[in-house]
Amino acid sequence: MNFKITKLEIPDVLLVEHTAHDDERGWFKELWNEEAFKEIGIETRFVQANMSKSRYGTLRGLHFQRPPFEQAKFVHCISGEIFDVAVDIRKGSPTFGRYVSVVLSGENHKSIFIPRGFAHGFLVTNKEGAIVEYLVDNKYSKESESGIKWDDPKINIRWPFKPVVISEKDNILPYI
């Protein structure tokens with residue numbers, strides 16, 4: 001296997017540490033391997049790949065899709081650095097309202113797998129900005145898009161600093 005998988009404090013969310021194969025040209029890494037993930041019980045089939053470019057201090061999220069369009073996500077930072085967050089919004093879950101966070105960057109070769117039933121967001125933490133790619137396992141539905149406000153006091157996310165840029169849409173999202 002070309003990556004190490006670690007269960008985070010909410011065990012359904014996985015940190016993936018990719019093995020980068022370096023040589024004189026740079027490096028190569030395997031980002032996703034359906035067979036390897038099936039071996040550990042993750043049988044997700046991605047149907048769409050999304051990419052965003054954001055400047056320093058931009059906060060995107062916390063977003064999710066309501067049923068029947070909920071989405072699992074596989075998030076990877078191509079360049080720059082982000083503070084990435086997944087919040088458990090599964091009613092009845094023992095970890096409902098709790099979050100996990102990881103730092104993803106173009107240099108650390110890490111990704112995060114977020115199953116359905118989680119809100120997701122990130123804050124760009126480096127001055128040069130960031131390019132983020134995420135794969136999703138269900139199509140997007142405008143009517144099903146939803147979210148939670150980034151500073152929800154019940155969730156109490158410890159962001160590294162106060163965001164500089166937040167879309168109006170994200171800034172008026174409801175609390176959990």
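The values are calculated or read from the model by the stated rules, or taken from the named source; none is laboratory data. The structure displayed is predicted, hence computed values, not measured ones. Using ideal geometry, Cβ is built from the backbone for each residue, glycine included, and neighbour counts are taken over all protein chains shown.
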Is there a residue being over 30 Å from ASN2 (Cβ atoms), hydroxyl-bearing (Ser, Thr, Tyr) and part of a loop (DSSP other than H, G, I, E, B) anywhere in region 113-129? no
Scan region 6-48 for residues that are surrounded by 14 or more Cβ atoms within 10 Å (Cβ to Cβ) and either among the small types (Gly, Ala, Ser) or touching a helix residue (DSSP H, G or I) at 6+ places or on another chain (Cβ under 8 Å) (or both) and jot them down. ALA20, ALA36, THR44
Given (1) under 12 Å from the mean Cα position of the chain (by Cα); (2) among the aliphatic types (A, V, I, L, M); (3) surrounded by 22 or more Cβ atoms within 10 Å (Cβ to Cβ), identify the lone condition not met by VAL103. (3)
Inside region 48-68, can you point out the residues that are among the polar types (S, T, N, Q) and under 22 Å from PRO115 (Cβ atoms)? GLN48, ASN50, SER52, GLN65
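Pick out, from region 25-93, the strands (runs of 3 or more DSSP E) lying fully within it that include 3 or more residues that are within 15 Å of the chain's Cα centre (by Cα) and in contact (Cβ under 8 Å) with a residue 40 or more places away in the chain.
Here the list reads 48-54, 58-65, 73-79, 81-88.
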All positions within region 105-117 that are within 25 Å of LYS162 (Cα to Cα) and out of contact with any Leu (no Cβ under 9 Å at 6 or more places or on another chain): SER105, GLY106, GLU107, ASN108
Can you name every residue in region 38-61 that is touching a strand residue (DSSP E or B) at 6+ places or on another chain (Cβ under 8 Å) and either acidic (Asp, Glu) or at pLDDT below 85 (or both)? ILE40, ILE42
Per the filter on region 130-166, residues touching a Ser or Thr at 6+ places or on another chain (Cβ under 9 Å), closer than 21 Å to GLY80 by Cα and either part of a loop (DSSP other than H, G, I, E, B) or small (Gly, Ala, Ser) (or both) are ALA130, ARG158, TRP159, PRO160, PHE161, PRO163, VAL164
